[in-house]
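**Q** My questions all concern the structure below.
The values are calculated or read from the model by the stated rules, or taken from the named source; none is laboratory data. Quick caveat: nothing in here was measured; it's all calculated off a predicted structure. Heavy atoms of the whole protein, side chains included, go into the accessibility calculation; ligands, DNA and RNA do not. Shrake-Rupley method; radii C 1.70, N 1.55, O 1.52, S 1.80 Å.
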Amino acid sequence: MTDLLHSAPALPETTWPTLEPGWVWLCGAGPGDPGLLTLHALNALRQADVVIYDALVQEAILDWAPQAEHIYAGKRGGKPSAKQRDISLHLVELAEAGKKVLRLKGGDPFVFGRGGEEAQTLVQHGVPVRIIPGISAGIGGLAYAGIPVTHRDVNQSVTFVTGHDQSGKTPSSLDWGAIARGSQVIVIYMGMKHVAQISRQLMEGGRAPNEPVAVVTSATTTDQTVIETTLVNLEADIAKAGLAPPAIICVGHAVRMRDVLDWQAQAAGVPPVNLDPLGRGRPAESA
Ligand code: SAH
């Protein structure tokens with residue numbers, strides 16, 4: 001991995017956009033594995049004068065921008081937290097100083113990442129922006145755990161929710177009963193703190209206590225950990241396993257697909273637990 005990082009592949013022949021002085025590119029870094037960066041992200045890393053990155057960006061990714069100044073703007077890891085408004089204004093200042101600015105955020109910048117707020121501030125200050133989407137943890141992180149976020153036999157919808165709002169509480173604007181009734185698969189970001197309340201509200205909304213749930217922490221990194229549990233046991237099993245954020249919690253029968261699709265375990269030599277966890281036969285043989 002490190003060798004790969006230090007010899008990033010040449011970008012394929014095409015016209016790649018130039019990061020001009022005075023611009024801010026707001027870019028997703030994906031959930032962790034540097035291989036999940038987009039080519040636009042790599043192109044940006046190579047051109048930036050300054051990279052402002054947040055806590056969930058793997059520091060190894062910064063190795064692809066050795067020419068740039070690296071500024072940490074995250075909120076974790078014992079380092080002092082930067083206020084959102086200060087970060088946005090710092091981006092404005094750097095752009096106005098004529099820097100080529102890369103704002104790198106975990107996952108996708110527009111998915112529970114405050115990217116919309118930062119971009120809005122930039123535009124309000126007349127700073128030109130480019131948005132580079134990334135792979136969000138709620139999709140790519142689950143894929144690394146062997147959970148397809150949609151599957152024809154399981155769900156025709158998926159709901160992404162955040163477990164807490166700006167005040168740090170479970171979002172009061174969320175109607176958990178409606179989510180419980182209407183969402184076949186529920187993917188929860190930032191859900192660890194209020195997991196007891198969330199699971200209770202989903203069960204009160206009609207979800208079965210034994211509904212499968214997976215918790216994936218540090219997804220796509222070398223520290224990735226996955227547990228499978230049920231709604232009723234969710235809180236206790238998180239505590240038992242000693243899981244810590246960042247975590248994606250997935251509620252729904254999609255979790256059972258891990259029995260056949262835990263490709264990382266299979267690569268390590270563990271055979272699939274069940275080739276047909278939904279009892280539907282072989283998909284290739286159905287229409
Ligand atoms: N913009 C990001 C989400 C930022 S909110 C994205 O699109 O993925 C931060 C939350 O994202 C974390 O609390 C956690 O719920 C989730 N998250 C981000 N990276 C993760 C990872 N590698 N593993 C598990 N959860 C992750």
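**Q** Cut-off 10 angstrom, C-alpha nodes, Gaussian network model of the chain. Which of Thr225, Thr15, Thr217 fluctuates the most?
**A** Thr15
**Q** Using modelled amide H (1.01 Å from N, peptide plane; none on Pro or chain starts), what sits under 5 Å from the amide H of Val185, excluding residues fewer than 5 places away?
**A** The list, which skips near neighbours in sequence, is Ser157, Thr159.
**Q** May I ask you to give the percent of accessible area on segment 195-257 that is carbon plus sulfur, with a probe radius of 1.4 Å?
**A** The value for segment 195-257 is 50 percent carbon and sulfur by accessible area.
**Q** On a 26 Å Cα-Cα criterion, which of the cross-link pairs Lys105/Lys193; Lys169/Lys240; Lys99/Lys169; Lys83/Lys193; Lys100/Lys169 come out too long?
**A** Lys99/Lys169; Lys100/Lys169
**Q** Next question. Starting at the first residue of segment 105-111, write each ³J(HN,Hα) from the Karplus equation 6.51 cos²θ - 1.76 cosθ + 1.60 with θ = phi - 60°, in whole Hz, x for Gly and Pro.
**A** 10, x, x, 10, x, 9, 10
**Q** Please list 3J(HN,Hα) in residue order for segment 57-66, calculated via the Karplus relation 6.51 cos²θ - 1.76 cosθ + 1.60 where θ = phi - 60°; whole Hz, with x for glycine and proline.
**A** Computed from phi, the couplings for segment 57-66 are 8, 4, 5, 4, 5, 5, 4, 7, 10, x Hz.
**Q** When only C-alpha pairs under 8 Å and at least 6 residues apart count, what is the relative contact order of the chain, in percent?
**A** Dividing the mean separation by the residue count of the chain yields 17 percent.
**Q** Still on this model: How big is the gap, in Å, between the Cα center of segment 108-148 and the Cα center of segment 230-287?
**A** So the two Cα centres are separated by 26 Å.
**Q** Still on this model: At 1.4 Å probe size, with every protein chain present, just tell me what the per residue accessible area of the chain comes to in Å².
**A** 49 Å²
**Q** Now for a separate question. Can you work out the Karplus-derived ³J(HN,Hα) for every residue in segment 268-281? Use 6.51 cos²θ - 1.76 cosθ + 1.60 with θ = phi - 60°, whole Hz, and x for glycine or proline.
**A** Once θ is set to phi - 60°, the couplings for segment 268-281 become 8, x, 8, x, x, 6, 7, 6, 9, x, 9, x, 10, x Hz.
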